[in-house]
1. Restricting to Cα atoms and excluding each atom paired with itself, what does the Kirkwood estimate give for the stretch 233-386 in Å?
2. Strictly over 23 Å apart at the Cα level, which of Lys19/Lys45; Lys319/Lys341; Lys19/Lys40; Lys2/Lys417 would you flag in this model?
3. So what's the angle, to the nearest 10 degrees on a 0 to 90 scale, between helix 186-195 and the longest Cα principal axis of the chain?
4. Taking a ≥ b ≥ c as the square roots of the eigenvalues of the Cα gyration tensor of the stretch 37-91, is the shape rounded (a/c under 1.5), prolate (a/b larger than b/c) or oblate?
5. Filter the chymotrypsin sites (Phe, Trp or Tyr not before Pro) in the stretch 347-401 down to the DSSP loop ones having no more than 14 other Cβ atoms within 10 Å, then list what survives.
6. On the protein heavy atoms, probe 1.4 angstrom, tell me the percent of accessible surface of the stretch 277-332 carried by carbon and sulfur.
7. Using amide H atoms built in the peptide plane, which far-off residues or other-chain residues are under 5 Å from Phe70 H to H?
8. R0 = 25 Å: FRET efficiency of Arg126 with Lys268, Cβ-based, nearest 0.05?
Amino acid sequence: MKELLNMLDASPVNFLAVKYAEDFLSSAGFEKVEMGAMPKLQPGKGYYITKNGSALFAFRVGSGAPTDGFKLICAHTDSPCFRVKPAPEMWSEGGMVRLNTEVYGGPILYTWFDRPLSLAGRVILRGGSPLRPVVRLLHIKRPLLIIPHLAIHFNREVNEGNKINRQKDMMPVLGYVKGALEKENFLLRVVAEELGVAVGDILDFDLSLYEATPACLCGVNNEFVSCGRQDDLLMCYAGLKAMAASAPSRMTQVLALFDNEETGNMTKQGSASPVLRNLLDAIVMNLGGCADDLYAAVENSFMVSADMAHALHPNYSDKHDPTNHPVMGGGPVIKYNANQKYVTDAESAAVFAEVCRAAGVPFQYFVNRSDIAGGSTLGNTLTTQLPMRGVDMGNPMWGMHSARETSAAEDTLHAIKAFTAFYDAE
């Protein structure tokens, strides 16, 4: 579990999750390549590409024909959070400085109050050409900000329900400064000092808040993992471990870590874009296939859309379906929805169930209560680009989209075993 906790701590935002994945894959012998400039691909060898620095696609070339298809595991690198707006400093009485932020995705807002927070992301620096700026990653590892809650004495009804205004209530405090101070570019000076660059060289940034308390195990037997961003970093981690552990296969093995799932996938690095389709097409052509061979490869392929699932909550069992409610420690969850929010059907569910049986891993099923609408994930947007067989699944967890989520430690091990068996299956 120590490696998993380290991964969560090293990946506070999408860009750093991809950096972790790159380092992991490079250590496992995978070679970074570029779309449009791929070398001749070698069967059995692993490669990867990145998109926008926030999505990553790894693959190990199969030994079969290009039309033999692909075995794909898909997950996402982003999580709900707060993004820092341009010109973010908001000064108030006493030299207090807050940062103007925008909500990304659908976080549980009140879980972000009164927690030590910090900043991470990427910073864009002036380069040799206006078209080619320099990109630096930023990970401030010390607690830097806090969103203080209003005292109960000013809102006696807070425990009866507290409507939160995203613009007024959720502004994080960076600190206060006494005495004379040049207020312009206050945050940029903090960033410049952290990176060791000049303020004038900073052109822009993509910065987000993250909950700064390290990931940890808890429970009487250390059975739970406590940390933010487990949706969907746990599936990213399990996919990376399985890709490294699996043996070369007849079919090409693919791990697709998309960005922007939490906002609908509609970006160049999201699952609704043609980025994965373009990569699979490039692999087929590189291996000597023709344009029509991609269609045959897609028909022979299988996709696992891996995004976290809801475990039965002991305080809210009435929120769950009466017969399909996964539990912590019960293994991967196969997700169904009659209105096709998930791509799972009877055939694809049977395929993944058999994979789990072959791996000696327990598995479970999730269906929403019929009177509660559920969300969607990667699978149904991916199939608009790649109409292949697929299953939606994920590990069970509590507090999805909280600043600090909870999962069962053994379920991550279950997922790694199941994913490795999937990549090894013929």
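1. On the way: mean 1/r = 0.0578 Å⁻¹.
Taking the inverse mean of 1/r over all distinct Cα pairs, the stretch 233-386 comes out at 17.3 Å.
2. Lys19/Lys40
3. Result, in degrees: 50.
4. prolate
5. Filter output for the stretch 347-401: empty list.
6. Numbers: 1200 of 2500 Å².
Ligands and nucleic acids excluded, carbon and sulfur give 48 percent.
7. Ser301, Phe302
8. It comes out at approximately 0.60.
The values are calculated or read from the model by the stated rules, or taken from the named source; none is laboratory data. Bear in mind that the values here come from a model prediction, so they are computed numbers and not experimental data. Note that each Cβ is placed from the backbone with ideal geometry, even for glycine, and that neighbours are counted across all protein chains shown. These area figures cover heavy atoms from the full protein model, side chains too; ligands, DNA and RNA do not enter into them. Shrake-Rupley method; radii C 1.70, N 1.55, O 1.52, S 1.80 Å.
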